[in-house]
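One structure is given here, and the rest of the page talks about it.
Every number in this text was worked out from the coordinates using simple rules, so none of it is lab data. Everything numeric here is computed off the predicted structure, so don't read it as measured data. Here Cβ is always computed from backbone atoms with ideal geometry, including for glycine, and neighbour counts include all displayed protein chains.
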Amino acid sequence: MRFSVRHLMQYDYSAPVELGAHRLRLTPRVGAGVLHGHELTVTPAPTNRCDLTDDFGNQLIALEFAGEITRFCVESRFTLDTCAPVPPPADLPPLPWDATSAAQAAYLRDPVPDPTVQAFAAALADEAGGDALVFLDLLNRQLFTRTDRQIRLEGDAQTPAETLASARGACRDLAVLFIAAARAQGIPARFVSGYQAHAESVDGQRHLHAWVEVWLGQGWHGFDPTHGLAVGEGHVALCAAPDQAGTMPLEGGFWGANVRTLLRYTVEIETDG
């Protein structure tokens, strides 16, 4: 499937400010597909740019600025062809898995394990008969069917326990709950941010999307609880990390006193295939 994406972010400040260093995560991940070009326009023009790769394999663009501004704009455009994912292995060991793998430690660590989430995961594992693939499919479909899925423009993801109890949340909330439930059964899991071909937006707008990837011994495999489906050619990953904080598309700050900030953004996605 061919994706053509335009993502514009515009920050307006009520008084002149100086921009600090910024990091952009707007380049499709290696392995997301065949990239046919990526244009990045930043206003004001940065005084320095450095292309980096972080510890989790994400491509970052580090920018530095000078002088005062009242508007900051970042526009990303790219065209990419996705490909069908590799099927998960069928001969997986029964759940729960040993959660002490040093190689996957960052994707197994749960800062505050919640007993209600652990009990929820254990019940699904029992229903799945300990079969990991059946468990992941049940978890994906359960979160899709039991949750009132919403668009929430501001704020970090809710805690897994809050989303489980309220049965309401945005895509990032469902992703964080999925991750916690998978880790409760010893399955390494990570947060993924990117774009999807088919929006489920009540406001008719396009937005960044969030889903989950789990490590099944021979690679990462994606699940999208917002749609209750496995991730396929209709997803383009920008970045993946153990938690949401490591996937923010734009990260940085500014200096200014008593300044109000207004963010406007536009995501335009065209697909062919």
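Scanning the stretch 119-152 for residues that are outside any helix (DSSP H, G or I) and either without any contact (Cβ under 8 Å) to a residue 40 or more places away in the chain or touching a Gly at 6+ places or on another chain (Cβ under 8 Å) (or both) yields A128, G129, G130, D131, T147, D148, R149, Q150, R152.
Going residue by residue through the stretch 58-69, is there one that turns out to be within 19 Å of the chain's Cα centre (by Cα), in contact (Cβ under 8 Å) with a residue 60 or more places away in the chain, buried (at least 17 other Cβ atoms within 10 Å of the Cβ) and farther than 23 Å from D243 by Cβ? So far as the stretch 58-69 goes, no, none of its residues is within 19 Å of the chain's Cα centre (by Cα), in contact (Cβ under 8 Å) with a residue 60 or more places away in the chain, buried (at least 17 other Cβ atoms within 10 Å of the Cβ) and farther than 23 Å from D243 by Cβ. Only one of the numbered conditions (1) of a type in the set (A, V, I, L, M); (2) within 25 Å of R206 (Cβ to Cβ); (3) surrounded by 15 or more Cβ atoms within 10 Å (Cβ to Cβ) is not met by L19, and that is (2). Scanning the stretch 8-54 for residues that are under 16 Å from G194 (Cβ atoms), without any contact (Cβ under 8 Å) to a residue 60 or more places away in the chain and part of a strand (DSSP E or B) yields V34, L35, H38. Considering D114, D156, D91, the condition of being surrounded by fewer than 17 Cβ atoms within 10 Å (Cβ to Cβ), touching a residue at least 24 places away in the same chain (Cβ under 8 Å) and among the acidic types (D, E) is satisfied by D156 alone.
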